[in-house]
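Before any comments, here is the structure.
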Amino acid sequence: MLNSIKRFLLHLHPPRVEINAIKLNRTFGLGGMSVFLVSLLALTGILLRFVYVPDAEKAYRSIELLNHFNSAGRLIRNIHYWSATILCLFSVLHLLRVLFSQAIYFERKKNWYYGLVLMFLVFAFCFTGYLLPWDQVSYWAVTVVANVLRYFPVIGDALASFLLDGRFVSEHSLLRFYHLHTGVLPVLLFMVLSIHIWLVRKAKGVAIPQEQKGQLVNTSPHLVYKELVALLILIIAITTLSIFFNAPLSTPANLDRVPEIITAPWYFAGMQELLLHIHPLVGGILLPIAFLIFLIVVPKMGLDEVKVGVWFNGSRQLKKLYALALIFSVLLTVLLVVLSDAIIKDSFNVIWGTVFMVSVYFVTVSGFLIFLLRNLNRSMLSISMIVFVLFTGSYITLTIIGLLRDAQII
Amino acid sequence: MDFKEKSISRKRFIKKALLAVLTIEVFWLLGRFFGFHKGKKRTDKLFDAGSIQSFEKGKFYFYRSQGFCLYCLDDGGFLAMDLKCTHLGCKVNFDRESQRFICPCHSSAFNAMGEVLSSPAYRPLDLYVVMLEDNRLKVDLSKAVKRSDFNIKQIFYHS
Ligand code: HEM
Ligand code: FES
């Protein structure tokens, strides 16, 4: 058994690897653990399909039955839930890892794009899977997201109706989401993930600084051993979580009434918070598209200064600038949220509120960047990274504020 | 020679015919996708809300499963409003004490006439057309009427 696992892992890796490529602080094992989570999700997902019924009348009941009358049912559902949650988290962290360790340039640019597709697929999985229990929380959360799509200029209505197979979330939407979640997306994910892993090998392994190259060790046992330990830790963590914390299930979907307290899942909490303050066209569509365009151009910027594989491109001063940008974006975001809560929400139309807040945000951020460019003579590369830190910092702040609001702490 | 020319033109004919069929097909699909076809109507019938005598002035009547409410104003006028929040489509709840509609999703608030009191929503609640037939109030649920603000003409009076 162990031998066959070893053989399988060896199949994915070259026979010999750079010793510096397999150090923990190179990848933190995030990509590898994500691959494992994907397989765990496939396995538990296949098991869940034995009992789940994609029908508005029966879906909720089938989950309830699974929870109460099936010996390992609840555990399997919990493992599926926790693996998905951790996969979301790990894919984002993995994205940050490859970005900040300068592993997205030149021959790795293509893989960054495949990675972006994977990120989209992971979110699409979460979103479609979310509806399947057909409980109050999932029904209204999906309604809200679909209605954000409607704000898309010109084709918004068509897009939302296409996704939902109708004007509102109905049993047709449930069937559609079920098919996407258990049929279409898995096939796409499998294809894109295979290319992703193959491209890592094609780029001669993970990115490491030029001067660290040249010390090769045998993949087995060096890398295989580390991977097995990581797997073991992950399995223990997920099993423990799944034994002690159940996947949520609220009351059955009621199309006529929204519960008094309704919250988005944590990975959408930032978006929900954003939508409290600004117009859905801007918060739900234009800003995400702008960020996506930014992610597409990032690996093309500042190529002459890139030190491939060097964390934060190596400079002390740069790290300080990142920290400064992070603090700046957190403060600015908190300030705007407080301003919106205290004054803008009750006295202005959301359109004016949006114009006000978006302009304040972008003017301040541009001022900050111009200040850096003038005084420190920073390069394109560091500017692009600092912009990334500013946006991500704001989004993370919104997520935390949103979660605190959901927990009724603020 | 003659034969060859003919065969090429036949081939080209088939190719073009296929292309034409494909184009029509694509346009039809696009048309469906962008909703140029007639959408399914929610209901063709008028909804019978009850005899006009049965409504008390100054009260709200809720038809949750039809997704609307009927406000019988103090002066005897009627306003039928969609309970779907104009922000992102949740159903609003009614707070009797403050006479406000409040949305649980992002806490937009609307007054008794459906006007926005608190963002993120910025359009008032949609309306349905109310009419009187045989002394019974009928509400036309086939179409929710969007409005940008409240005005007196939106209220239905019977004389
Ligand atoms: C389902 C989610 C994903 C899985 C399972 C996955 C898996 C992997 C694995 C196993 C590696 C090898 C090195 C490592 O462990 O870091 C890798 C590398 C890489 N991934 Fe991902 N990935 C995923 C999502 C993403 C995302 C969202 C991005 C960014 C948009 C991305 C971009 C990259 C890049 C650029 C590399 C090359 C890094 C280097 O050469 O050092 N991946 N991925
Ligand atoms: S859906 Fe009602 S406030 Fe957002």
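Around A:Ile410, with a cut-off of 15 angstrom between Cβ atoms, what is the net charge of the other residues, counting Lys and Arg +1 and Asp and Glu -1?
Residues close to A:Ile410 contribute a combined charge of -1.
Carbon and sulfur atoms: what percent of the 1.4 Å accessible area of the protein assembly as shown do they account for?
Looking at the protein assembly as shown in its full context, I get 67 percent from C and S.
Any residues in the range A:347-365 that have 50 Å² or more less accessible area with all protein chains than in their chain alone, probe 1.4 Å, and which are they?
Listed in order, they are A:Val350.
Report the gain in length on full extension from A:Gln408 to A:Phe50: 0.36 nm times residue separation, minus Cα-Cα distance, nm rounded to one decimal.
Full extension of this stretch gives 125.1 nm more.
Accessible area drop of at least 40 Å² (1.4 Å probe, protein heavy atoms): which residues of the range B:55-94 qualify, relative to the chain alone?
Correct list: B:Arg64, B:His87, B:Leu88, B:Lys91, B:Asn93.
Test of understanding: what is the full-extension gain from B:Trp28 to B:Glu115, defined as 0.36 nm times their sequence separation minus their Cα-Cα distance?
The span from B:Trp28 to B:Glu115 would gain 27.3 nm if fully extended.
Once phi is turned into θ = phi - 60°, what whole-Hz ³J(HN,Hα) does the Karplus curve with 6.51, -1.76 and 1.60 give for every residue of the range A:59-69, x standing for Gly and Pro?
My calculation for the range A:59-69 gives 4, 4, 4, 5, 5, 4, 4, 4, 5, 9, 10 Hz in order.
Out of all Cα-Cα pairs in the range A:207-327, roughly what percent, to the nearest whole number, are more than 26 Å apart?
So the portion of pairs separated by more than 26 Å is 61 percent.
At 1.4 Å probe size, put A:Arg49, A:Arg108 in order of accessible surface, largest to smallest.
Ranking A:Arg49, A:Arg108 by accessible area, largest first, yields A:Arg49, A:Arg108.
Might you list the cysteines of the protein assembly as shown that have no disulfide-compatible partner by the rule of another cysteine's Cβ under 4.7 Å?
Cysteines of the protein assembly as shown left without a disulfide-compatible partner: A:Cys88, A:Cys126, B:Cys69, B:Cys72.
Taking the square root of 5 times each eigenvalue of the Cα gyration tensor, what semi-axes in Å does the equivalent ellipsoid of the protein assembly as shown have, largest first?
Listed largest to smallest, the semi-axes of the protein assembly as shown are 48, 31, 28 Å.
Using a 1.4 Å probe and counting only protein heavy atoms, how much accessible surface gets buried when B and A come together, both sides summed, in Å² to the nearest 100?
Summed over both sides, the interface buries about 2400 Å².
I need the peptides B:112-121, A:113-122 ranked by packing, meaning the mean over residues of other C-beta atoms within 10 angstrom, with the highest value on top.
Listed from highest to lowest mean packing, they are B:112-121, A:113-122.
Rounded to the nearest 0.05, what FRET efficiency do A:Tyr113 and A:Ser347 give with R0 = 51 Å and r taken as the Cβ-Cβ distance? Could you check?
Taking R0 as 51 Å, the efficiency between A:Tyr113 and A:Ser347 is 0.70.
For A:Val355 and A:Leu12, compute 0.36 nm times the residue count separating them, minus their Cα-Cα distance, and round to one decimal in nm.
Value of the extension gain: 118.4 nm.
Taking square-rooted eigenvalues a ≥ b ≥ c of the alpha carbon gyration tensor, is the range A:312-404 rounded, prolate or oblate, where a/c under 1.5 means rounded and, failing that, a/b exceeding b/c means prolate?
prolate
Top mean-square fluctuation among A:Leu326, A:Leu66, A:Leu232, Gaussian network model of chain A, C-alpha springs under 10 Å?
Top of the fluctuation ranking is A:Leu232.
Just to confirm a number: summing +1 for Lys and Arg and -1 for Asp and Glu over residues other than A:Gly284 whose beta-carbon lies under 15 angstrom from that of A:Gly284, what do you get?
Once all neighbours under 15 Å are counted, the net charge is -1.
Among A:His11, A:His80, B:His87, what's the order by accessible area (1.4 angstrom probe), most exposed first?
Listed by decreasing accessible area, they come as A:His11, A:His80, B:His87.
Provide a whole-number value for the mean count of partner chain Cβ atoms within 10 Å of the Cβ atoms in peptide A:139-146.
What the average comes to for A:139-146 is 3.
Could you give the distance between the Cα centres of the range A:41-56 and the range A:309-337, to the whole Å?
Going from one Cα centre to the other spans 43 Å.
Compare B:Thr23, A:Thr27 by solvent-accessible area with a 1.4 Å probe and give them largest first, with all protein chains kept in place.
B:Thr23, A:Thr27
Can you give me the C-alpha center-to-center distance between the range A:166-203 and the range A:8-31, rounded to a whole angstrom?
So the two Cα centres are separated by 27 Å.
Only helical DSSP H runs with n ≥ 4 go in: add -39500 (n - 2.57) per run for chain A, normalise by residue count and round the 222 nm mean residue ellipticity to 500 deg cm²/dmol.
Taking each H run of at least 4 residues, the total per residue is -22000 deg cm²/dmol.
Using modelled backbone amide H atoms (1.01 Å from N, in-plane), which distant-in-sequence or interchain residues come within less than 5 Å of B:Arg100's amide H?
Close amide H contacts, sequence-distant or interchain: B:Asp95.
Over the range A:276-331, what per residue volume does the convex hull of the Cα atoms give, in whole Å³?
So the per-residue Cα hull volume is 105 Å³.
Taking amide hydrogens as modeled 1.01 Å from N in the peptide plane, which residues meet the under 5 Å criterion relative to A:Ala253, leaving out close sequence neighbours?
Amide H neighbours of A:Ala253: A:Asp135, A:Gln136.
Using a Gaussian network for chain A with springs between C-alpha atoms less than 10 Å apart, which of these wobbles most: A:Ala247, A:Ala84, A:Ala103?
Comparing A:Ala247, A:Ala84, A:Ala103 in a Gaussian network model of chain A, the most mobile one is A:Ala247.
Treating cross-link reach as a plain straight distance, find the lysines whose alpha-carbon is under 20 Å from the alpha-carbon of A:Lys110, omitting any fewer than eight places away in the same chain.
Straight-distance partners of A:Lys110: A:Lys202, A:Lys204, A:Lys300, A:Lys307.
Any chance you could check the Cα centroid distance between the range B:61-96 and the range A:118-136 for me, in angstrom?
That distance is 32 Å.
Relative to the longest principal axis of chain B, what angle (0 to 90°, nearest 10) does the C-alpha long axis of helix B:2-33 take?
Tilt relative to chain B: about 10 degrees.
Given all pairs of different Cα atoms, what value in angstroms does the Kirkwood hydrodynamic radius of the range A:1-263 take?
Taking every pair of different Cα atoms in the range A:1-263, averaging 1/r and inverting gives 20.4 Å.
Just to be sure I understand: with springs between alpha-carbon atoms less than 10 Å apart, which residue in A:Ala59, A:Ala72, A:Ala21 has the highest mean-square fluctuation in the Gaussian network model of chain A?
Maximum among the listed residues: A:Ala72.
Accessible area drop of at least 50 Å² (1.4 Å probe, protein heavy atoms): which residues of the range A:246-268 qualify, relative to the chain alone?
Residues meeting the cut-off: A:Asp256, A:Arg257, A:Val258.
Give, as a single signed number, the net charge of other residues whose beta carbon lies under 15 Å from the beta carbon of A:Trp198, with Lys and Arg counted +1 and Asp and Glu -1.
Net local charge, A:Trp198 excluded: +4.
Beyond 22 Å, what share of the Cα-Cα pairs of chain B remains, rounded to the nearest whole percent?
Cα-Cα pairs of chain B separated by over 22 Å account for 56 percent.
At a probe radius of 1.4 Å, what is the per-residue accessible area of A:Asp157, in Å² to the nearest 10?
90 Å²
Just the accessible area per residue of the protein assembly as shown, please: how many Å² with a 1.4 Å probe?
55 Å²
The values are calculated or read from the model by the stated rules, or taken from the named source; none is laboratory data. Model, not experiment: these values are computed from the prediction. All Cβ positions, glycine included, derive from the backbone under ideal geometry; neighbour counts span all protein chains shown. Accessible surface areas use protein heavy atoms only, side chains included; no ligands, DNA or RNA. Shrake-Rupley method; radii C 1.70, N 1.55, O 1.52, S 1.80 Å.
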